[in-house]
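Below is one structure; the comments refer to it alone.
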Amino acid sequence: MPNALITGASRGLGRAAARALAERGWSLIVDARRAADLTGAMRGLADVTAVPGDVTDPGHRARLAEAVGRAGRLDVLVNNASRLGPSPQPALRDYPLDELGRVYDTNVVAPLALIQLLGAPLAAAAGAIVNVSSDAATEAYPGWGGYGSAKAALDQLTAVLAAEQPSLRWYAFDPGDMRTDMHQQAFPGEDISGRPEPETVVPALLRLLGERPPSGRYRVSDLAVPAVAP
Amino acid sequence: MRPAASRPPEERGLARDGVRLLAATPDGIVHARFGDLPRFLSAGDLLVVNTSATVAAAVDGLRGDGRPVLVHFSSPLEEGTPGEAAAGAGSLEEGPPCEAAGGSMAGGAAAGGGPPGEAVWLVELREDAAATGPVTDAVPGETVTLPAGASLTLLRRYPGPTATRIWVAAVAAGGAVSAFLAWHGRPIRYSYAGDPWPLPAYQTVFARTPGSAEMPSAGRPFTAGLVTDLVAAGVVIAPVTLHAGVASLEAGEPPLPERFSVPEPTAQLVNLTRAAGRRVVAVGTTCTRALESAAGQGGAVRGRRGWTDLVLGAGHPARVVTGLVTGWHDPEASHLALLEAVAGPALVHAAYQEAERAGYLWHEFGDSCLLLPPAGDHRL
């Protein structure tokens, strides 16, 4: 069965994706900053290697690469771990630049660092890379300038990597609004119970990994399975 | 006139099977498109195709004195490679597995005397990014620095001390050389191919097992649709695998030994086809070499895998293959001798003359040729 590395697997989309793939027999390496949360999120799953740590830490990334080396192959990398920035999110005119740097470190630099580190085994497996993006990467929402511009940068990294390394599949995956802890941080004090659960996005991600369409940016709606066959 | 195709047909507004096909048959020479191939074959004829996939075998490096160099990785050197000390005589023994996906190019185990943790490969050093010429002043012991902290050390010339361009090299890539090439390499190309093209341009529709340093290009014009047409016409298609080495050899140099596999079911189909009086048409010189390497004295083919250093020519005519699909390549090379070993010098000469007259496009992105010598008389 294929192997995947999923970052930020203790909550939200990362957790839902990891559980769905593990339940389908995939062999997983997962990380998250909080070890206890990660262990809890992966409870009951077979063949999951948990490597707690922060993707912005080079030492942690090296440990992830060691885990991949022990697994012997890597078919899929899901760069899902993301940093929203301050909550509530400040307007760009007031955005603390040190915070902006941290947002870029997690959302742009760390994904590329993992790609550089794991490119060889991914290429050997003709693998796929999923960089989790956001509608804030393409829409100009007030207050989303830090996170949104970082995800826009991640989208462009994905597009250029697809041109430079065409033997792999490169996806920027836009899951849209979901009822997650991060979404709650973005809207502190608001009721987000109307947003869909992250599990509802997983079928689109599974379709991306199963069908391997051409590299590109995909929204969930692009990958919706038609209710009735055409 | 031998105009080179500097761009893939898809970049020239053509489908892959839209390239020209010169069919040289007992009835004469016919100009067609590759998609017309079913017209020239009969139900029960057997097409043998190569499932080897092209790897990104060219990597930039720096020589000890800082000069840039381009390294072409030809194949791993293993026990069983002809010319390798451990090989003994038997290039056709049941050798190391050729088709174990990933394993064939893994290069994890050191063979040929390299230190543990290093893989030993056959490599060629070229002068620059356009691979205009071979490096001629390299010496044993020289180290070439490769990307991402990798390096290689030239151990000795191959196959022997008087060889000029192929080296046995110990490669330290921090992991499998196949993975290193997949990430840091790019397809081998020569100066006639104007622009660099991505690796998918160098894969045939049959490519399954990575291992060829250069594309088995005769299969390039096939498409899934054409394969369907062939199957519907009753033409049988069977796979072999032969990982092509670097093809930059000069006139007079014998082709390098290559890893191949002829599966037993393919061997049985070949024998059945011959017994039924139908044609065995090899798609490319790679498939020809594989099939003829698996043939016994009487022409019966058995399932076989390993390394082959077979060189077909006037002294060793084809015993199994009775038709050939091939691209247009420089007729000075041993390539021509192989074509003649299948189709006879008269038919090959007529085909080349007509292709040059009619302006067929040369090289791996160019036009195609089907050689169907008269049955039973094909080597006259």
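Values quoted throughout were computed directly from the atomic coordinates according to the rules given, and no laboratory measurement underlies them. What you see is a predicted model, and the numbers here were worked out from it, not measured in a lab. Cβ atoms come from the backbone with ideal geometry, glycine included; neighbour counts cover every protein chain shown.
Here are the numbers:
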item: Low-density loop cleavage sites - GluC sites (Glu not before Pro) in segment B:263-345, where at most 11 other Cβ are within 10 Å (DSSP); result: B:332
item: Rh by Kirkwood over Cα pairs, then Stokes-Einstein D for segment A:1-61 at 0.692 mPa s and 37 °C, µm²/s; result: 293 µm²/s
item: Amide H within-cut-off set for residue B:344, under 5 Å, with H built and near neighbours excluded; result: none
item: Pairs of alpha carbons in segment B:185-227 whose separation is greater than 17 Å (percent); result: 34 percent
item: Using distinct alpha-carbon pairs, which all enter the 1/r mean, Kirkwood radius of segment B:186-337 in Å; result: 16.4 Å
item: Residue A:43/residue A:138 FRET efficiency (R0 35 Å; Cβ-Cβ; nearest 0.05); result: 0.45
item: Positive-end residue of B:53, B:181, A:149, charge dipole of the protein assembly as shown with Cβ unit charges; result: B:53
item: FRET efficiency for residue A:211 and residue B:233, using Cβ-Cβ distance with R0 set to 25 Å, rounded to 0.05; result: 0.25
item: Ellipsoid semi-axes in whole angstrom, largest first, where each is sqrt(5λ) of the Cα gyration tensor of segment A:33-76; result: 18, 16, 7
item: Spacing of the two label points (7 Å from each Cα toward its C-beta) at residue A:33 and residue B:15, in nm; result: 5.5 nm
item: Amide proton proximity set for residue B:166, modelled H, under 5 Å, gap of 5+; result: B:158
item: At q = 0.28 Å⁻¹, base-10 log of I(q)/I(0) for segment A:110-156 (Debye sum, equal scatterers on each alpha carbon); result: -0.95
item: P(r) weight above 31 Å for the protein assembly as shown, C-alpha pairs, percent; result: 56 percent
item: Beta bridge orientation in the protein assembly as shown: antiparallel %, DSSP, nearest 5; result: 55 percent
item: Long-range HN-HN contacts of residue B:57 with modeled amide H, under 5 Å; result: B:186, B:188
item: For segment A:125-230, the Rg and Dmax computed from alpha carbons only, in angstrom; result: 15.0, 45
item: Paired Rg and Dmax values of chain A, which use every Cα atom, in angstrom; result: 16.7, 51
item: Values of log10 I(q)/I(0), in the order q = 0.18 Å⁻¹, for segment A:80-190 under a Debye, Cα-only, solvent-free model; result: -0.88
item: Chain B - Rg over Rh from alpha carbon coordinates, Kirkwood radius; result: 0.96
